[in-house]
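Here is the structure we will look at, set down as structure tokens.
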Amino acid sequence: MKILDLLKEKFDNNNLITTLTIIVVLGAIILIATSSFVGETDKKSVPETVLYQESSSVKSNSKIIEDYASTIERKLEDILSSIDGVGKVKVMVTLEDTAERIPAINTTRTEEKTSEKDSKGGIREVFKQNYSEQIVVNNSDDDSLVIIKEVKPKVKGVIVVAEGADDLYIKEKLYEAVKTVLGISGNRVGIFSSKPLK
């Protein structure tokens with residue numbers, strides 16, 4: 001109460017209210033500025049290496065898919081063009097989803113069982129179990145993961161454009177060959193005849 005009385009002596013009522021309002025507004029501005037500054041530093045404190053690793057893993061994943069699709073296309077073009085009655089062949093393969101890479105993991109499990117007797121003859125058993133997993137990395141400079149399994153994406157569809165596919169017998173051979181090699185249903189395969197490819 002002494003502080004309030006002192007302020008009343010210094011300022012009349014109108015001046016006191018104006019001064020208190022200014023102090024409250026300045027305090028609010030300082031709080032807002034401080035909280036936005038703290039928010040910016042939190043955003044900046046996210047390690048750039050994590051963001052880089054995520055983007056590089058996405059890039060490498062898309063590169064794996066691209067390579068996988070082009071490998072299938074090249075192999076199909078080679079094998080289909082060697083079928084009797086078929087000329088040059090062009091193949092396009094689309095994939096359903098992304099590739100999955102399963103890393104090697106070191107697993108450690110420890111179990112401990114102890115029995116304690118109290119002075120009254122009662123037995124208390126304590127059972128502890130610890131379990132930990134650690135992803136295995138190469139000891140080289142890049143610390144890349146050790147991959148034990150790589151699940152390739154499924155084939156979504158195939159288009160084959162081939163010389164000689166206007167003959168129904170040749171078209172059926174191409175159709176069966178693609179279905180057999182890729183293990184996909186017929187509704188995912190399209191065979192089309194072409195003008196002579198250069």
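Taking the condition open to solvent by 40 Å² or more (accessible area, probe 1.4 Å), over 30 Å from Ile83 (Cβ atoms) and in contact with a Leu (Cβ under 8 Å, 6 or more places away or on another chain), does Val137 pass? Answer is yes for this residue.
Scanning the range 154-176 for residues that are closer than 18 Å to Ser70 by Cα and crowded, with 17+ Cβ neighbours inside 10 Å gives Val155, Val158, Val160, Val161, Ala162. Quick one: would you say Val86 is in a loop (DSSP other than H, G, I, E, B) and modelled with pLDDT of 85 or more? Yes; evaluated as a whole, the condition is true for this residue. Going by what's in this entry, would Val38 be described as open to solvent by less than 80 Å² (accessible area, probe 1.4 Å) and modelled with pLDDT of 70 or more? No, not satisfied.
Among the residues of the range 177-198, those that are of a type in the set (D, E, K, R) and touching a helix residue (DSSP H, G or I) at 6+ places or on another chain (Cβ under 9 Å) comprise Lys179, Arg188. Taking every residue in the range 87-112 that is open to solvent by 90 Å² or more (accessible area, probe 1.4 Å) and pairing it with any residue that is at pLDDT 80 or above, at least 6 positions away or on another chain, the pairs with Cβ-Cβ distances below 6 Å are Lys88/Glu163; Lys90/Val161; Met92/Ile159; Arg109/Tyr131; Glu111/Gln129; Glu112/Lys128. None of Leu174, Leu182, Leu168 is among the hydrophobic types (A, V, I, L, M, F, W, C) and without any contact (Cβ under 8 Å) to a residue 40 or more places away in the chain except Leu168. Put simply, of Lys152, Lys113, Lys120 the only residue that is closer than 28 Å to Glu73 by Cβ and out of contact with any Lys or Arg (no Cβ under 6 Å at 6 or more places or on another chain) is Lys152. Tally up the residues in the range 120-177 that are of a type in the set (Ser, Thr, Tyr) and modelled with pLDDT of 80 or more, please. The qualifying residues number 4.
The values are calculated or read from the model by the stated rules, or taken from the named source; none is laboratory data. Nothing here was measured: the structure is a model prediction, and the numbers come from that model. In this analysis, Cβ positions are derived from the backbone assuming ideal geometry, glycine residues included, and neighbour counts consider all displayed protein chains. In case anyone asks, the SASA skips ligands and DNA or RNA and just uses the protein heavy atoms, side chains included. Shrake-Rupley method; radii C 1.70, N 1.55, O 1.52, S 1.80 Å.
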